[in-house]
Each structure stands twice: as structure tokens, then as C-alpha cells.
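Comments concern the structure below.
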Protein chains: 2
Amino acid sequence: MSNFEVFFDYIQNLSRKMLSADDKQVFMAHLKPKKLLKRQYFLQEGDICKYTGFIVKGAAKTFTVDEKGNEHILKLSVENWWLADFESYYHLTPSRYNIAALEDMEILQVTNAQVEEFFAPIPAFTAMQEVIKQNYAIANQKRVHAAISYTAEERYEDLINNYPHFLKRFPQNMIASYLGISPETLSRIRKNTLK
Amino acid sequence: MSNFEVFFDYIQNLSRKMLSADDKQVFMAHLKPKKLLKRQYFLQEGDICKYTGFIVKGAAKTFTVDEKGNEHILKLSVENWWLADFESYYHLTPSRYNIAALEDMEILQVTNAQVEEFFAPIPAFTAMQEVIKQNYAIANQKRVHAAISYTAEERYEDLINNYPHFLKRFPQNMIASYLGISPETLSRIRKNTLK
DNA sequence: CGTTTGAATTGACATTTATCAAGCATATTT
DNA sequence: AAATATGCTTGATAAATGTCAATTCAAACG
């Protein structure tokens with residue numbers, strides 16, 4: 001399956017509106033296939049996120065580095081998600097976050113100006129956009145709830161239930177950062193829950 | 001200014017599309033003015049959130065109660081926001097949260113079925129909906145970032161900067177719950193930062 | 001094939017935050 | 001006005017989590 005076929009499938013899964021052959025041409029004309037190497041940056045803190053990229057293959061982290069040099073992973077993104085800092089992308093403000101590839105990646109990249117001009121008129125696309133905004137809002141709401149209500153151990157169990165594939169795919173120290181705890185604490189939690 | 005005028009102002013602030021006189025009639029026909037007394041529940045954990053309400057006056061909390069009886073406040077909602085659990089409202093699944101009035105409230109209430117049937121065709125309304133989903137997603141993203149990266153004290157300072165009016169309006173123990181810390185810890189943080 | 005690098009684990013200890021209990025002030029109810 | 005509930009503060013202590021350092025292990029690399 002080609003990159004674009006993956007994308008068309010994705011969009012049809014999230015939206016009831018059908019994509020016409022013309023619509024597909026529009027996407028193929030403006031979505032630019034791009035490769036990112038492991039460790040390559042998609043976005044640097046302070047820059048405006050002018051591009052968004054549909055992830056066909058690979059994974060990335062959205063993160064900050066604090067004054068002590070510690071990394072905090074806000075988001076882990078995998079196939080069939082979008083690579084972007086929504087805040088910067090929609091508000092056109094400098095981003096607080098970095099985005100970097102964790103594996104070699106293939107994405108379909110487009111600028112927000114192109115989206116507005118060429119994709120906005122496509123009903124299936126706007127419907128998809130609404131769904132992803134909605135789902136992202138809900139996912140973050142759940143994560144806020146977990147953060148203010150759960151212990152570190154409960155948040156880890158939550159992750160096991162909701163994103164089990166993350167555990168197989170990403171090293172433990174990244175999972176710890178994503179959960180907002182130190183790698184040592186996560187290691188000890190795992191040791192305890194084995195029993 | 002009448003309840004509806006407040007609402008029309010709100011919608012025109014968030015959307016470029018103009019509301020016609022007919023549009024306004026549609027809203028007035030289906031948005032039902034309702035009063036909630038302080039402590040009254042708008043939504044109970046386990047119920048499906050079939051209604052949403054535009055807050056004309058008053059404030060509410062969205063919260064859970066854990067097995068120890070501790071309350072965790074996920075969200076504090078005030079004028080010109082919507083009263084609802086988005087997750088339950090959009091997915092039609094039982095809600096994990098309770099929503100209760102913190103003050104006597106006036107809201108404009110509507111069912112999601114009515115929204116779909118009568119409001120969805122109004123461009124200014126759908127544009128507004130996109131904006132609020134987007135803003136809610138971004139606000140929650142920021143809160144997740146704060147939760148995983150900041151200490152309790154830093155989260156409190158963050159709140160002072162971003163929602164100073166919350167501090168005047170809500171008691172300190174609710175603020176603490178919203179920040180995910182105990183009331184005693186917040187009291188001590190305030191004592192220390194006075195210096 | 002050996003070397004190097006990064007991740008995970010473990011122990012000792014420090015720090016942050018929670019918990020429990022008491023006292024005080026203030027608001028609310030009757 | 002008295003009685004009651006509620007919120008805030010403070011101290012003593014406990015529990016959770018972080019930090020630092022050392023070690024092991026395995027993957028990655030030349």
C-alpha cells in the first residue's frame with residue numbers, strides 16, 4: 001500500500017464523507033512525502049510549527065528540556081497520527097516544544113497555508129479534522145485526570161491498559177518521562193507489580 | 001443584556017461567520033434557559049451527558065471522588081464556557097465525572113440531538129465548535145505539560161499567571177484539588193512565596 | 001571480535017508531598 | 001445571637017518520589 005493509500009484509508013475511517021478522485025488528486029498534489037532519520041528534528045522549541053505531517057511510518061516524541069537538562073515527553077506519536085504542535089500550528093505562535101524522530105520515519109507533509117487553501121474545502125478532510133481535535137481534547141482530558149488523581153503506579157497501570165503497544169515500542173525511560181516520573185521510580189514500580 | 005444576547009456575543013467573538021436573524025431564532029427556539037442552584041448537579045458519574053449548557057452566569061466544577069472519599073477537580077468552568085463532559089457528550093458513553101454548580105447558575109441548555117439537528121447547519125455555530133475543541137485541546141495539552149514537568153509550586157505559579165481570576169473566585173482547597181495537591185501543601189506554598 | 005554506548009536495576013539517601021490532628025477564623029444557618 | 005459548618009493554617013510524622021552513584025547487561029559499532 002502506497003503512502004497515499006494509507007492516508008486515504010485513514011481519512012475514510014474517521015469521516016463518513018467520501019473522498020472523490022478529484023479530492024485525492026488535491027492531496028497528492030500538496031502532501032509532500034518526506035523521510036526523517038532517527039534523531040532528526042521536525043520542530044525546534046521557539047520555532048513556529050508551519051508544517052504538519054501525517055505519519056505513515058515511524059514514531060516521534062514531543063518534549064521539552066528543563067533547566068536541569070531533564071527531558072519531559074509530552075506526547076509520543078506513531079503511525080496514523082499527525083506530527084505537529086497544535087498550539088503553535090493553529091495559533092502561529094512560537095512552540096514551547098521540540099519534536100524529534102525516534103525511528104526513521106515517513107511522513108506526508110503540508111503547510112498550514114496549503115491546508116487552508118486546498119484541503120479546507122474538502123468535506124471529508126474538515127470532518128476528519130474535527131474528529132482529531134475532539135479526540136485529542138478528550139485524550140488530554142483523561143491524562144490531566146490521571147495526573148491530578150492517580151499515583152505513579154496507577155498512571156503506569158493506566159498506560160498499560162490504554163496504550164500497551166507503547167510499552168513494547170519505546171524504552172522504559174521514555175515511558176517514565178511520559179508518565180512524569182523518574183526512570184528509577186518506574187523500574188521499582190515494575191519490580192513491585194511483578195509479584 | 002439578555003441571556004441570549006450574551007450567547008450571540010460569545011459566538012460572534014469566536015467565529016467570523018455572521019449570525020442571521022433566522023439563526024438567532026433557531027437558537028432561541030432550542031436553547032432552554034435554566035437555573036441551577038449552588039451544589040446542584042448538572043451531571044452524575046455514570047450517566048451519559050446528553051445536555052450541554054452555555055454558562056451565562058455562575059461557575060461549576062467537574063470532579064471525581066476516589067475510594068478514599070477525596071475529591072479531584074478536573075475542571076472549573078465559568079461564564080462563557082460550556083458545561084459538559086465532552087467525552088461523554090460526543091461519544092455518548094457513561095461519564096466518569098460529576099459536574100456540580102459552585103454558585104447559583106444560569107445556563108442555556110440543549111441536547112446533543114438538538115445541536116445535531118438544528119445548530120449543525122449554522123456556519124457560525126460549527127466554526128465556534130471547532131474553535132472551542134481546539135482551545136480545549138490546547139489548554140489540556142498545557143496542563144499535561146505542567147503536570148509532568150513542574151513541581152507543585154511551579155504549577156501554582158502557572159495558575160496565577162494563566163487564570164488569576166480563579167484564585168479570587170474559588171476557595172483554596174478547590175484550587176489545590178485542581179492543581180492535584182493537598183490543601184495543606186498549597187497553604188504552605190503560599191506561605192513560602194509570600195517572602 | 002572486542003569496544004563502546006545506552007538502558008535498566010539497585011542501594012543509600014534527600015526532598016517533596018501527603019496525612020493526621022488540632023486550633024482558629026469566618027461564613028452560614030437557625 | 002447562638003450554633004454549626006467550612007475553610008485555612010500549623011506542627012508532627014509518614015509515605016511517595018527524586019537524586020546520585022555504582023553495577024550489570026545488552027545492543028550498536030567500528
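Results, tabulated for the structure shown:
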| quantity | calculated |
| --- | --- |
| Where a residue in the range A:1-24 is more than 21 Å from A:Ile107 (Cα to Cα) and its partner, wherever it lies, is hydroxyl-bearing (Ser, Thr, Tyr), with Cβ under 9 Å and at least six apart | A:Lys17/A:Thr126 |
| Failed item in (1) among the hydrophobic types (A, V, I, L, M, F, W, C); (2) at pLDDT below 95; (3) closer than 23 Å to A:Asn135 by Cβ, with A:Met1 passing the rest | (3) |
| Qualifying residue in the range A:23-32 (condition: at pLDDT 95 or above, assigned to a strand (DSSP E or B) and either among the β-branched types (Val, Ile, Thr) or away from DNA strand C (no atom under 16 Å from the Cβ) (or both)) | yes |
| Those residues of the range B:118-133 which are assigned to a helix (DSSP H, G or I), open to solvent by 30 Å² or more (accessible area, probe 1.4 Å) and either at the interface with chain A (Cβ under 7 Å from one of its Cβ atoms) or over 23 Å from B:Tyr163 (Cβ atoms) (or both), in sequence order | B:Phe118, B:Pro123, B:Thr126, B:Glu130 |
| Matching residues in the range B:44-69 - criterion: being in contact (Cβ under 8 Å) with a residue 24 or more places away in the chain and within 14 Å of chain A (Cβ to nearest Cβ) | B:Glu45, B:Cys49, B:Thr52, B:Lys61, B:Thr62, B:Phe63, B:Thr64, B:Val65 |
| Breaking point among (1) under 24 Å from B:Thr64 (Cβ atoms); (2) within 12 Å of DNA strand C (Cβ to nearest atom), for B:His145 | (2) |
| Any hit, the range B:53-65, residues being open to solvent by 10 Å² or more (accessible area, probe 1.4 Å) and assigned to a loop (DSSP other than H, G, I, E, B) | no |
| Check on B:Ile175, open to solvent by less than 60 Å² (accessible area, probe 1.4 Å), under 22 Å from B:Glu71 (Cβ atoms) and near DNA strand D (Cβ under 10 Å from one of its atoms) | yes |
| Pick from the range A:159-172, criterion open to solvent by less than 50 Å² (accessible area, probe 1.4 Å) and assigned to a helix (DSSP H, G or I), ranking: farthest from DNA strand D (Cβ to nearest atom) | A:Phe166 |
| Only one of A:Arg155, A:Arg188, A:Arg96 that is among the basic types (Lys, Arg), within 14 Å of chain B (Cβ to nearest Cβ) and within 16 Å of DNA strand D (Cβ to nearest atom) | A:Arg155 |
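The values are calculated or read from the model by the stated rules, or taken from the named source; none is laboratory data. For clarity, every value in this text was computed on a predicted model and none was experimentally measured. Don't worry about glycine lacking a Cβ; one is built from the backbone with ideal geometry, like all the others, and counts go over all protein chains shown. Quick note on the areas: whole protein, heavy atoms, side chains included, nothing else; ligands and nucleic acids left out. Shrake-Rupley method; radii C 1.70, N 1.55, O 1.52, S 1.80 Å.
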